[in-house]
Amino acid sequence: MTACDLLRLFTLALCTWREARGETQRGKRLVAQTIENRVIDPRWPDTYVGVITQPWQFSAFNKDDPNVLKFPSEDDPAWEASVTAAQDVLTAAAPFTNANHYCVSTLKPAWFDETKIVAREGHHVFLAL
């Protein structure tokens, strides 16, 4: 595995952990896949770091979010599950979803369109916009 591969894996797993550490494995995979879908979509940057660190895209990386300074411990089972979810997405022959947005199911941001929902899992709703 190259240094770039490791950076992709770590960045995707960290975002997944911060955004979905309390979710099911499927929920973690859906979050990771949503990020990858943005990487391959020309409307967003073409790197994982670029997509994840875009302002106001993934709340766990916003400077005022309490998660921005959180990192998993080595023995955190949610970290291992997040790494597995990231690996699953990075090595999958086909995407798990075509979602490129998600939000907590109790929120309805301005961009939310009920007709574009492609999945629901745990506390998240996933949309293809």
Burial-style ranking of 74-86, 31-43, average other-beta-carbon count within 10 Å with highest first, yields 31-43, 74-86
Computed from the beta carbon distance with a Förster radius of 22 Å, FRET efficiency for A93 and Q54 to the nearest 0.05 stands at 0.20
Rounded to the nearest Å, the spacing of the alpha-carbon centers of segment 77-103 and segment 19-33 is 7
From highest to lowest solvent-accessible area (probe 1.4 Å; ligands, DNA and RNA excluded), E23, E114 read E114, E23
In debye to the nearest 20, the charge dipole size for the chain, taken about the Cα centre with +1 at each Lys and Arg Cβ and -1 at each Asp and Glu Cβ, equals 280
Taking a crude spin-label model, label points 7 Å out from Cα along the C-beta direction, the R26 to I117 distance in nm is 1.4
Note to self, the chain gives a 222 nm [θ] from helices alone (DSSP H runs n ≥ 4, -39500 (n - 2.57) apiece, / all residues, nearest 500) of -13500 deg cm²/dmol
By the C-alpha gyration tensor axes a ≥ b ≥ c (rounded if a/c is under 1.5, else prolate when a/b exceeds b/c, else oblate), the shape of segment 1-50 is oblate
Taking protein heavy atoms only, a 1.4 Å probe, and rounding to whole percent, the accessible area of the chain owed to carbon and sulfur comes out at 57
Per the charge dipole of the chain (beta-carbon charges, Lys/Arg positive, Asp/Glu negative, Cα centre), the residue among V104, V83, A32 reaching farthest to the positive end is V104
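The values are calculated or read from the model by the stated rules, or taken from the named source; none is laboratory data. Small disclaimer: the values here were computed from a predicted structure and weren't measured. Here Cβ is always computed from backbone atoms with ideal geometry, including for glycine, and neighbour counts include all displayed protein chains. Keep in mind that these areas ignore ligands, DNA and RNA; they rest on the heavy atoms of the full protein, side chains included. Shrake-Rupley method; radii C 1.70, N 1.55, O 1.52, S 1.80 Å.
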